[in-house]
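The next block holds one structure in the form of structure tokens; read it before the comments.
The numbers here are math on the coordinates, done by the rules we state, and not lab data. Everything numeric here is computed off the predicted structure, so don't read it as measured data. Please note: Cβ atoms are built from the backbone with ideal geometry, for glycine as well, and neighbour counts cover all protein chains shown.
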Ligand code: NAD
């Protein structure tokens, strides 16, 4: 079966970006990039499931976005590292909302260790969230997309520019390897899922979130000097790209990796 062509491709272009009637799930949705993705999808008209691990603000945040956008935003506590847990969360979301059209595997963690000194636990901590968790989230969503039929789903992974380059100073081998694997995973799934969904990545550069602040300040200052745009990004500057990939505006895009980095990877 060929990649589905949505009925509204012949309509005015802005209507192709509308997500009215669609249902989305976003992991790592309570803060940082994920929170802006939840807001963006709700603003574009989708009903959104905000998936979080631990956040005392998740319910209040969901309520606020709901009242500001008029879209339903519901919270679900889960852990992407545990296949049974994230699978039952995604299944519950599809049951509660009646379907699932968009899934954003955004949860991630960063850390730095000397590559000669990684313990098994330190290596696995990163891989379990960034790679295993992304795969478990996608597997659960993909099964629902498949059941729903041709053209049913849009799967989006938050990868990173670290998938393709090495920041100096370094000591992020596990993080970088996990994100490189996610970009390639997305390409593999894009080909396997062509009957029932599209699969793409967004690779942010330096985005001002809690994650960026875990790096030593001198590293961050050094990296910032290397960004041709002259500054790091506000996470809200990624919203348009997620809505684009979630929507029919990107109906012929699958297996792609959109880099949003203020030109960091260009030199
Ligand atoms: P963040 O630390 O604010 O958000 C990470 C989110 O992942 C949090 O909501 C956290 O609760 C969630 N999470 C962590 N472990 C989890 C688990 N086991 N199960 C479910 N959720 C879990 O950082 P962020 O910058 O918003 O990161 C979001 C994504 O963007 C990550 O995948 C990150 O690798 C990626 N990214 C960030 C940057 C950046 O500069 N901030 C750059 C490139 C890529």
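Scan the range 100-143 for residues that are more than 12 Å from the ligand (Cβ to nearest atom), under 19 Å from the mean Cα position of the chain (by Cα) and not in a helix (DSSP H, G or I) and jot them down.
Selection gives 100, 101, 102, 103.
Restricting to the range 165-174, what's the tally of residues that are touching a helix residue (DSSP H, G or I) at 6+ places or on another chain (Cβ under 7 Å) and either surrounded by fewer than 22 Cβ atoms within 10 Å (Cβ to Cβ) or free of Cβ contacts under 8 Å to residues at least 60 places away in the same chain (or both)?
Taking the range 165-174 as the starting set, the residues that turn out to be touching a helix residue (DSSP H, G or I) at 6+ places or on another chain (Cβ under 7 Å) are 166-167, 169, 172, 174.
Right, trim to either surrounded by fewer than 22 Cβ atoms within 10 Å (Cβ to Cβ) or free of Cβ contacts under 8 Å to residues at least 60 places away in the same chain (or both) and you get 166-167, 169.
So the count comes out to 3.
Conditions tested, residue by residue: (1) more than 30 Å from residue 151 (Cβ to Cβ); (2) assigned to a loop (DSSP other than H, G, I, E, B); (3) touching a helix residue (DSSP H, G or I) at 6+ places or on another chain (Cβ under 8 Å).
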position	(1), (2), (3)
176	yes, no, yes
179	no, no, yes
183	no, no, yes
195	no, yes, yes
199	no, no, yes
230	yes, yes, no
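Quick grid of which residues meet (1) within 12 Å of the ligand (Cβ to nearest atom); (2) farther than 26 Å from residue 1 by Cα:
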position	(1), (2)
145	no, no
153	no, no
156	yes, no
167	yes, yes
178	yes, yes
190	no, no
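Take the residues in the range 1-57 that are farther than 22 Å from residue 235 by Cβ and without any contact (Cβ under 8 Å) to a residue 24 or more places away in the chain, then tell me which one is nearest to the ligand (Cβ to nearest atom). Break it down stepwise before answering.
From the range 1-57, those farther than 22 Å from residue 235 by Cβ are 1-16, 18, 20-21, 23; that's our starting set.
Subset that is without any contact (Cβ under 8 Å) to a residue 24 or more places away in the chain: 7, 10-12, 14-15.
On the way: 7: 33, 10: 35, 11: 32, 12: 32, 14: 27, 15: 29 Å.
Selected residue: 14.
Tell me, please, whether a residue that is crowded, with 19+ Cβ neighbours inside 10 Å, away from the ligand (no atom under 13 Å from the Cβ), within 25 Å of residue 183 (Cβ to Cβ) and under 20 Å from the mean Cα position of the chain (by Cα) can be found in the range 70-90.
No: the range 70-90 contains no residue that is crowded, with 19+ Cβ neighbours inside 10 Å, away from the ligand (no atom under 13 Å from the Cβ), within 25 Å of residue 183 (Cβ to Cβ) and under 20 Å from the mean Cα position of the chain (by Cα).
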